[in-house]
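Colleague: Got a structure for you, questions after.
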Amino acid sequence: MLQTVSAQTKDKPFLLQLYASSRADEVYAWGWNEEMINAFLEMQWNAQQQYYASRYPEAEHLIIYSHQHRAGNMIISHTPRRLTLVDITLLPEYRNQKIGTQLLQQLQYKASSLSIPFQLSVLKTNPAYHLYQRLGFKCSGGNDLYHFLEWTHQNSLFRGDES
């Protein structure tokens, strides 16, 4: 059972732990000691949060629960013109369990019902890129690091003409 709840100030330690879990393989490969790694990850997480707050001031910050356990977070920006998945991160033990798929399909349904595009960006090296392709996202641009993806209700599985 999946549930999302608005993130609170008290969730900061969990969110920092979650961020660290998403960067662990990369950072531990640098050979730094634990103190340096923790300081670096906290600095990076704070910078990311500041960027998101300035770029998406209207964004909704959510904690993802799976069977009443915190499993991850999701940041969504919803404006009258588009729905944007700013960030989604799951703890390692909750990855590859269709949680991301279910959440993305819920957002697709919401975008479809509002007739607005659903957008996101993904690192070119992120394996989730293949999930987004399977869910019907199309490349709308990019840069050296990211694919910019968009899904619209025109290619929706929710129109009723596909089973």
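The values are calculated or read from the model by the stated rules, or taken from the named source; none is laboratory data. Note that the structure is a prediction, hence the values are computed from the model and not measured. So basically every Cβ, Gly included, is an ideal-geometry build from the backbone, and we count neighbours across all protein chains shown.
Colleague: Which residues, counting only those in segment 1-43, are touching a strand residue (DSSP E or B) at 6+ places or on another chain (Cβ under 9 Å), surrounded by fewer than 13 Cβ atoms within 10 Å (Cβ to Cβ) and not hydroxyl-bearing (Ser, Thr, Tyr)?
Modeller: Scanning segment 1-43 gives MET1, GLN3, VAL5, GLN8.
Colleague: Continuing with this model, one more query. Please determine whether any residue of segment 21-39 is at pLDDT 95 or above and of a type in the set (Phe, Trp, Tyr).
Modeller: no
Colleague: While we're looking at this one, here's another question. Return the total of residues in segment 36-61 being of a type in the set (Gly, Ala, Ser) and more than 16 Å from MET74 (Cβ to Cβ).
Modeller: The total comes to 3.
Colleague: List the number of the failed condition for PRO57; all other conditions in (1) modelled with pLDDT of 95 or more; (2) surrounded by 16 or more Cβ atoms within 10 Å (Cβ to Cβ) hold.
Modeller: With respect to (1) modelled with pLDDT of 95 or more; (2) surrounded by 16 or more Cβ atoms within 10 Å (Cβ to Cβ), PRO57 is out only on (2).
Colleague: If you don't mind, another one. Within segment 105-122, does at least one residue satisfy the condition of being at pLDDT below 95 and assigned to a strand (DSSP E or B)?
Modeller: So far as segment 105-122 goes, no, none of its residues is at pLDDT below 95 and assigned to a strand (DSSP E or B).
Colleague: Just the residues that are without any contact (Cβ under 8 Å) to a residue 12 or more places away in the chain and within 19 Å of the chain's Cα centre (by Cα), please, taken from segment 25-43.
Modeller: Passing the criteria: ASP25, GLU26.
Colleague: Starting from segment 54-66, take each residue that is aromatic (Phe, Trp, Tyr) and list its partners that are surrounded by 14 or more Cβ atoms within 10 Å (Cβ to Cβ) and assigned to a strand (DSSP E or B), counting only C-beta distances under 6 angstrom and pairs at least six apart or across chains.
Modeller: So the pair list comes out as TYR56/SER77; TYR56/VAL86.
Colleague: Please verify whether ARG70 is crowded, with 16+ Cβ neighbours inside 10 Å, at pLDDT below 95 and of a type in the set (D, E, K, R), treating the condition exactly as stated.
Modeller: Answer is no for this residue.
Colleague: Assess whether THR89 counts as being out of contact with any Pro (no Cβ under 7 Å at 6 or more places or on another chain), farther than 13 Å from LEU18 by Cα, modelled with pLDDT of 95 or more and of a type in the set (Val, Ile, Thr).
Modeller: no
Colleague: Starting from residues that are assigned to a strand (DSSP E or B), in contact with a Ser or Thr (Cβ under 6 Å, 6 or more places away or on another chain) and of a type outside the set (Asp, Glu), keep the ones in segment 123-153 and report whichever is farthest from ARG23 (Cα to Cα).
Modeller: Applying the filter and picking the extreme gives PHE148.
Colleague: Let me ask another. So, in segment 81-100, exactly how many residues are under 27 Å from ALA24 (Cβ atoms) and surrounded by 15 or more Cβ atoms within 10 Å (Cβ to Cβ)?
Modeller: Final tally of qualifying residues: 12.
Colleague: Being acidic (Asp, Glu) and at pLDDT 95 or above is the filter; apply it to segment 123-161 and report the residue that is surrounded by the most Cβ atoms within 10 Å (Cβ to Cβ).
Modeller: Filtering segment 123-161 for residues acidic (Asp, Glu) gives 144, 150, 161.
The next check asks that each one be at pLDDT 95 or above; those that pass are 144, 150.
Details: ASP144: 5, GLU150: 18.
My answer is GLU150.
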